Amino acid sequence: MIYTYSLPDSVSFTGKGLVGYNFGPLKQKDLEIFYVESEKGHDFFMISRKITRTYYILSGSGYFTIANERYDVHAGMLVEVPPKVEYCYSGKMTMIGISKPRWFSGNDTPTKWNPDVVSWGGTLVEERQPWVTRLIKARILGKSPLNAYLRYNQALWRRLPSSFAAFRPIRWYGNFLNALARIQGSRSQAHSTFFLRNRPELELIRRIVDRRPKGDTLRVAVLGCSTGAEAYSVAWRIRSARPDLALVLTGVDMSPQAVAFAKGGAYSLTHPEVACTKVCERMTPVEMEEFFHRNGDVVTVKPWIKEGINWRVGDIAEPEIIDSIGRQDIVVASNFLCHMVRPEAEWCLRNIARLVSGGGYLFVSGIDLDIRTKAACDLGWEPVTELIEEIHEGDPCMTSYWPFDYAGLEPLNKGRPDWKIRYAAAFQLPPNATVSPIQPENQHAVATARP
């Protein structure tokens, strides 16, 4: 039997202003203990339905706002927040927290953004129709019928031959199930990633940069860079193909811990840190040899790949991001917009597009396809159809999630009249494009709450 617990290797939940880790699971089923590193504070105010949360401040200082009253806190203080009371916290501090009972989806109702963390502020407005809200909150004997329905269908779906998904009625039903999963799913950012995650996408990047003049300067930004695997993969592909180019690559992530880890460029093959995946599992032995120096079970990215990469902590939702990193020839924004609610994802995508120079390229995958298609049509992006099918199928994780995970990628359907723009993951922006983000006063979202 386990009696002691260490801080987990991988992050359990994140926000724009914090990262958190859950201990356990504990033997006490009605108790959860978590560790929070708050850089700015919790993203939003919220009201707990059933959970009482108790926080002990280990270091730093800040303040809690509970029932519209401010309470300054510092190391050594304890804060108890009962259910049915609006609260939030701000400040740079580390805390141990206790949830009783343990956290469950649907417990927390976000009410408004925390202006100390989110610049646009304002009320969190649900965009769902009343019947959708009632469906999500419905309980029979304390259980969610929607969850039961999805679990039952998932068991049946796994028994179907994979070829059945190509039939129109099955595809329509899969889209319906995925819509339910997107409505019901609890969204949160994750640091899980892989080296050489989407090989066809890297090949398209190689083909694009191969058109550059000899000795040219190439500016590339990898957004949501997490622990660095995808940024290093892009650098490796470009430098191995065009060593003559002056590559200026910037990796950006909102997690200081992830950025610090990425900058170090050292990865354990046996004990994943920060991310919960084995980041090298998709590489061949030859690629491993070319990519890393190895010392036991730890591999370190070689200097010729690491050199010239700038690592930055930043929030790509902030309009000021363009002042921080400037215009780019290629922007890669993969596998993090899907973890945002629709209005926030659309806001971020349009803000990201401002980073791309006229005639430059935007690679964006792992996003709600309706949002991407709408932005591409509204802003006049030209879909790059080269390797479109290979890139769509290039990341087995995303395709395997469909239809029962909100991040799942729907099968490519050439029967759609808009299939090229819908399924393209790479776009060339107009030569003289001027792209502005949507206005803050129109920004509404439904957030996913964690401690």
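Read-outs throughout are calculated quantities, based only on the coordinates presented, and are distinct from any laboratory measurement. The model shown is predicted, which means the values in this text are computed figures rather than measured ones. Cβ coordinates were reconstructed from backbone atoms using ideal geometry, including for glycine residues, and neighbour counts include every protein chain displayed.
General remarks:
- By the Stokes-Einstein formula, at 1.002 mPa s and 20 °C, segment 13-113 with its Kirkwood radius over alpha-carbon pairs has D equal to 158 µm²/s.
- Highest average packing first - 304-310, 390-396, 162-168, Cβ atoms within 10 Å: 390-396, 304-310, 162-168
- Cross-link partners of LYS214 among lysines, defined as those whose alpha carbon lies under 27 angstrom from its own and excluding same-chain residues fewer than eight positions apart: LYS302, LYS306.
- Top positive-direction residue, dipole computed over the chain with Cβ charges, set ILE2, GLY359, SER240: ILE2
- The chain - percent relative contact order, Cα under 8 Å, separation 6 or more: 15
- Peptides 235-245, 339-349, 278-288 ranked from most to least packed, by the mean per-residue count of other Cβ atoms within 10 Å: 339-349, 235-245, 278-288.
- For segment 355-424, relative contact order (Cα pairs under 8 Å, six or more residues apart, normalised by length) works out to 36 percent.
- Neighbour net charge for PRO243 - beta-carbon separation under 15 angstrom, K R +1, D E -1: +3
- Restricting segment 14-65 to chymotrypsin sites (Phe, Trp or Tyr not before Pro) that sit in a DSSP loop and have at most 13 other Cβ atoms within 10 Å of their own Cβ leaves nothing.
- Rounded to the nearest 20 debye, dipole of segment 13-113 from Cβ charges on Lys, Arg, Asp, Glu: 280
- Reported value for segment 36-81: 83 Å³ per residue, from the convex hull of its C-alpha atoms.
- Rounded, prolate or oblate (a/c below 1.5 giving rounded, otherwise prolate when a/b exceeds b/c) for segment 219-345 by Cα gyration tensor: oblate
- Using a cut-off of 27 Å between Cα atoms, the listed pairs LYS29/LYS278; LYS84/LYS143; LYS100/LYS143; LYS92/LYS143 include LYS29/LYS278; LYS92/LYS143 as exceeding that distance.
- Averaging the Cα positions of each part gives two centres, and for segment 331-355 and segment 225-298 these lie 23 Å apart.
- Taking Lys and Arg as +1 and Asp and Glu as -1, the other residues whose beta-carbon sits under 14 Å from that of LEU409 total -4.
- Protection proxy ranking, highest mean first, for peptides 257-267, 67-77: 257-267, 67-77, where packing is the per-residue count of other beta-carbon atoms within 10 Å, averaged.
- Alpha-carbon Debye profile of the chain, log10 I(q)/I(0) at 0.08, 0.09, 0.10 Å⁻¹: -0.49, -0.63, -0.78
- Note on segment 197-236: with charges restricted to the Cβ of Lys and Arg (+1) and Asp and Glu (-1), its dipole about the Cα centre is near 140 debye.
- Structural descriptor for segment 199-440: relative contact order 19 percent, calculated from alpha carbon pairs under 8 angstrom and at least 6 residues apart.
- Taking 7 Å steps out from each Cα toward its Cβ at LYS214 and GLU307 produces label points 2.0 nm apart.
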